[in-house]
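Notes for the one structure printed next.
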Amino acid sequence: MKSPVHRCRDVEHGRGQTGVGDGAGVNCLESEQRIPISKDVITSSSASAMWFIRDACGIVCAIITWLLVLYAEFVVLFVMLLPSKNLTYSILNGTLFNTLAFLALASHLRAMCTDPGAVPKGNATKEYIESLQLKPGQVVYKCPKCCSIKPDRAHHCSVCKRCIRKMDHHCPWVNNCVGENNQKYFVLFTMYIALISLHTLVMVVFHFLYCFEDDWTKCSSFSPPATVILLILLCFEGLLFLIFTSVMFGTQVHSICTDETGIERLKGETGKWGKVPCWEAMQMAFGGPFSLSWCSPFAGLSCKKSPAEHVTVPQGEIIKEDIIEIPLS
């Protein structure tokens, strides 16, 4: 069981209790009174705007992801399906593969360009905390890196340089954190990539069998050596991503069902909040009762521009203490 001191610390509180003074022990003993600040009280001012992380590694990984899908598209169409003599086989498999690939790339784009649940920077001011009208004895935490009041279960991401609500991890392949607002799209991305990888592997096996039975010069519009190389590379790519995305998909669904993020599990931060049942957690993550919209990366997407609701953050000097007890001194 963790000590009260450890309970007061968060992932980014390596500096511990500096600046808290002699009252640090009292604050830690009262840390269970920390308020779970909801996203309705502290919300991101960029929630309705375009979100994009300018990280070189993440951008390169995202581009590689798209290129790998496009390579699979090229091999499936021009090496396996178009040269096939069976028109029905080509149409059915081409339609299925392209539909899954389109949904995978759309999910990737939504996961990358959706605000994962960022907390506004620089709102750890005396004026702002007083505007929350908290009760005496309650405790709030300030992130020492982005100087924001951290809602319950929020963690700081060193790549996004923001505190993210219910942050699971930062994924370079989508160039974004996986958090409260975009976890659904990340789950869909891993699911659709796993499905097209499985579909590709099945088609590669059938195509190899077809080429062995028939003349290699007739089973593809490319030369036999080029055909073999392209199919082997595609087979390797499909097998690798099938394993990787299947594991990630299972991990994410398990995190949702147990109401426990990857960081919380890694840090052992369990049992500090009221967990919700599995089905209720799934509905919260996917945006409502079970329907076909769970499988759609376009659910909730609208072309109409609605006026953004911004929370006015009072200006003022940032409070130095990382653990803030109400009333403010």
Test for Phe236: is it open to solvent by less than 50 Å² (accessible area, probe 1.4 Å), among the aromatic types (Phe, Trp, Tyr), in a helix (DSSP H, G or I) and under 30 Å from Leu77 (Cα atoms): no
Residue within region 262-275 that is part of a loop (DSSP other than H, G, I, E, B), at pLDDT below 95 and touching a Leu at 6+ places or on another chain (Cβ under 8 Å) present: no
Matching entry among Leu103, Leu68 (being within 26 Å of the chain's Cα centre (by Cα), in contact (Cβ under 8 Å) with a residue 40 or more places away in the chain and over 21 Å from Leu231 (Cβ atoms)): Leu103
The one condition in (1) among the small types (Gly, Ala, Ser); (2) open to solvent by 80 Å² or more (accessible area, probe 1.4 Å); (3) at pLDDT 95 or above that Gly94 fails to fulfil: (2)
Qualifying residue in region 290-310 (condition: surrounded by fewer than 12 Cβ atoms within 10 Å (Cβ to Cβ), modelled with pLDDT of 90 or more and hydroxyl-bearing (Ser, Thr, Tyr)): yes
Residue check for Asp152: within 23 Å of Ile193 (Cβ to Cβ), part of a loop (DSSP other than H, G, I, E, B) and either basic (Lys, Arg) or open to solvent by less than 70 Å² (accessible area, probe 1.4 Å) (or both): no
Residue within region 191-203 that is in a helix (DSSP H, G or I), within 22 Å of Met284 (Cβ to Cβ) and not charged (D, E, K, R) present: yes
Only listed residue being at pLDDT below 80 and assigned to a helix (DSSP H, G or I), chosen from Gly19, Gly23: Gly23
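Conditions (1) within 19 Å of Cys57 (Cα to Cα); (2) open to solvent by less than 10 Å² (accessible area, probe 1.4 Å); (3) not hydrophobic (A, V, I, L, M, F, W, C), marked per residue:
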{"residue": "Thr114", "(1), (2), (3)": "yes, no, yes"}
{"residue": "Cys177", "(1), (2), (3)": "yes, yes, no"}
{"residue": "Gln183", "(1), (2), (3)": "no, no, yes"}
{"residue": "Ala194", "(1), (2), (3)": "no, no, no"}
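Okay, residues lined up against (1) open to solvent by 50 Å² or more (accessible area, probe 1.4 Å); (2) touching a residue at least 40 places away in the same chain (Cβ under 8 Å):
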{"residue": "Phe208", "(1), (2)": "no, no"}
{"residue": "Ser221", "(1), (2)": "yes, yes"}
{"residue": "Ala226", "(1), (2)": "no, no"}
{"residue": "Phe244", "(1), (2)": "yes, no"}
{"residue": "Val253", "(1), (2)": "no, yes"}
{"residue": "Leu266", "(1), (2)": "yes, no"}
Test set (1) in a helix (DSSP H, G or I); (2) out of contact with any Lys or Arg (no Cβ under 6 Å at 6 or more places or on another chain) - Asp215 fails condition number: (1)
Breaking point among (1) open to solvent by 10 Å² or more (accessible area, probe 1.4 Å); (2) β-branched (Val, Ile, Thr); (3) in a helix (DSSP H, G or I), for Val159: (3)
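The values are calculated or read from the model by the stated rules, or taken from the named source; none is laboratory data. As the structure is a computational prediction, the values presented were derived from the model and not from experiment. Counting neighbours? That spans all protein chains shown, and the Cβs are built from the backbone with ideal geometry, glycine included. Surface areas here come from the heavy atoms of the whole protein model, side chains and all, with no ligands, DNA or RNA. Shrake-Rupley method; radii C 1.70, N 1.55, O 1.52, S 1.80 Å.
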